[in-house]
Every structure is written in structure tokens, then in C-alpha cells.
Amino acid sequence: MSSIKLMLVDDEPIIRKALRMELNAQEQTVACGMSDDGHVERKTVTVLDTFATGAQLMAALESPATHEMPDYLLVDMEFQGEPTGGIFIADKVHRRFPDIGIIILSGRFDNPLPGEGNREDRMMEIARVVFESLHRGARAFVSKNAAGGFSVDNVLRAVESLERGEKYYFNYPVMLTLKEAAELYVEAAPERCYGLTVGDTERRLLLMEAAGCTAAEIAAELQSSEKAVQELQKELSRKLDIVNKSGARIAKAMQYGLIKAKDIRFLKR
């Protein structure tokens, strides 16, 4: 039976010891899909090595003559006092070894308790960190806070999902947090229009309108005619579903996030 190889970097000795002992001593397996003859293909999961620091990990990865390369790397997110220190390790590994699947292992993504102070802010911060991790190469998120303490089963589920071809994996506490964070985001911006876009010329027109430019000045800037600018203004108003007035166009474009105040360049008169 072929095997899936893991490495772990975590500053908690008990986590390193538990993961290595439970996986290597008990020959844990995961289902990795269906073989040609219709049988479920299974692979054993083994831990090649564990590390207390990112420097130790990188030294091992960059010495292929003495260390096997892992299929997956488990990275502790809250690392050596840094709440998001694991992101930087994940980023380094992903840039240098993009074929290694990165699994974030953490307790800080779990749904905050109802009475926790600044709960909504915490929820949005967790979502931000998750997406930052995804941007830097993470493919799965596993909670350390399973019922009864740390569970290797959560790690096995993540590996199994990725081996089956799923692009990302989030276990239950993390999914709950992300769901609530998404609902808070939508609730905070109920007027945001998803899917509505404007072209470069339309955006330039809106920014010039917001800056107080006349149709003639806009036409000169766009190297067009005033009539063409007026037709474009009417089309924008139809797209935004408003009366054909510049003030309404500017207000709704800013409400939908199509233009931003910082991008407006006012003309001196």
C-alpha cells in the first residue's frame, strides 16, 4: 500500500508528539478515490518529521539528500507568540515548493463564543486571516479544538478530501465561523451590487463627473464628442437603474463600489 507523507511545524511539543505517535504507530489510512476495478483505493498516512521552528523546517526541505519531501505540510497558525506567524511559513514553503499541499492547523479560527467581547470584529478578522492564508498557498484548515481535545481524525479528513481532488477543505468549526463572517459582511453592505461592473471608459466618466467636470470637458478627456458622452451617461443610468442625473450616477456608483473617493481628482478653477 502506498503512503502519503506529512511534515509538521508546530511550537507545541505535545502536538508534535501526538501527531507522530498516532499516525506512525497505528498505520492510519485514508480513502483516495476509486481504482479501475471499482475498489476504494486507500493509502497510509505517515509523518516523516516534525519541527519546532520554520527555520528547522526549511533546512530539512532544502536538503533532499537527507530528507524525503512531504506530500503535505501541517503548519501551526499561532506560531511562537505571533497570532498569524504560520502564514509566513506557509508562504515561504509555497513559493519554494508549490507541489506541497499546505494544511493550516489552529484553534484560533473557531467560532467565537456568543458573549465574547468585540465578537463581530473577531469574526471579520478570522475571515481576513483565512483568505490571506489561502492567497499564500493554504489548501485546508483544521481545528485543534475538537471535542475532547486535539484529534488526528481531523487531519486525516483534510488529507482525504484533498487526495480525492477537492480544492479546499475546512472542518466544521472553521466553516461555521466563515459562514457567520460572510453573513455579517453582506448585512453590513446590503446595497452592494454583486456582478455589476463598468468598463474603463465608464469608470473614467464617473470619476470626472464626481470631480465636477462638464460634458465638454469629459468629451475632451475621452477624445470623444459631447453627444457620445451624453449617450454613455444615459446608458450608465440605465445600467444603474436610476434617473439620468449625474448626482444619482455618482452616488450609486460609490455605493456599489464602482468608484472610490480616493480616486477622484478635482479640477482647480
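Some values worked out for this structure:
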| item | result |
| --- | --- |
| Where segment 115-172 is the region considered: accessible area per residue in Å², 1.4 Å probe | 52 |
| C-alpha long axis of helix 152-163 to longest principal axis of the chain, angle in ° | 60 |
| Mean separation of Cα contacts under 8 Å, 6 or more apart, over the residue count of the chain: relative contact order % | 14 |
| Highest average packing first - 14-25, 126-137, 85-96, Cβ atoms within 10 Å | 85-96, 126-137, 14-25 |
| Nonlocal amide H pairs with TYR169, under 5 Å, H built at 1.01 Å | ALA140, PHE141 |
| FRET efficiency estimate (nearest 0.05) - Cβ-Cβ, ASP263 to LEU134, R0 22 angstrom | 0.20 |
| Spacing of the two label points (7 Å from each Cα toward its C-beta) at ASN145 and THR53, in nm | 3.0 |
| Accessible surface of the chain [probe 1.4 Å, protein heavy atoms]: carbon and sulfur percent | 51 |
| DSSP beta bridges in the chain [antiparallel fraction, %, rounded to 5] | 20 |
| Mean accessible surface per residue for segment 193-269, computed with a 1.4 Å probe while every protein chain stays in place, in Å² | 63 |
| Helix 246-255 vs. the chain, principal-axis angle (Cα, 0 to 90°, nearest 10) | 10 |
| Added length on full extension, which subtracts the Cα-Cα distance from 0.36 nm per residue, GLU68 to ASN118 | 13.5 nm |
| Structure-based [θ]222 nm, the chain - -39500 (n - 2.57) summed over DSSP H runs of at least 4, per residue, nearest 500 | -14500 deg cm²/dmol |
| Accessible area per residue in Å² at 1.4 Å probe, computed on segment 44-92 | 43 |
| On Cα atoms only, tilt of 13-26 relative to the major axis of the chain in degrees | 60 |
| nm² value of the averaged projected area, convex hull over the Cα atoms of the chain | 22.2 |
| ³J(HN,Hα) computed for each position of segment 218-224 - Karplus, 6.51 cos²θ - 1.76 cosθ + 1.60, integer Hz, glycine/proline x | 5, 4, 5, 5, 8, 6, 9 |
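The values are calculated or read from the model by the stated rules, or taken from the named source; none is laboratory data. All of these numbers come straight from a predicted model, not from anything done at the bench. Glycine gets a Cβ as well: all are built from the backbone with ideal geometry, and neighbour counts include every protein chain shown. These area figures cover heavy atoms from the full protein model, side chains too; ligands, DNA and RNA do not enter into them. Shrake-Rupley method; radii C 1.70, N 1.55, O 1.52, S 1.80 Å.
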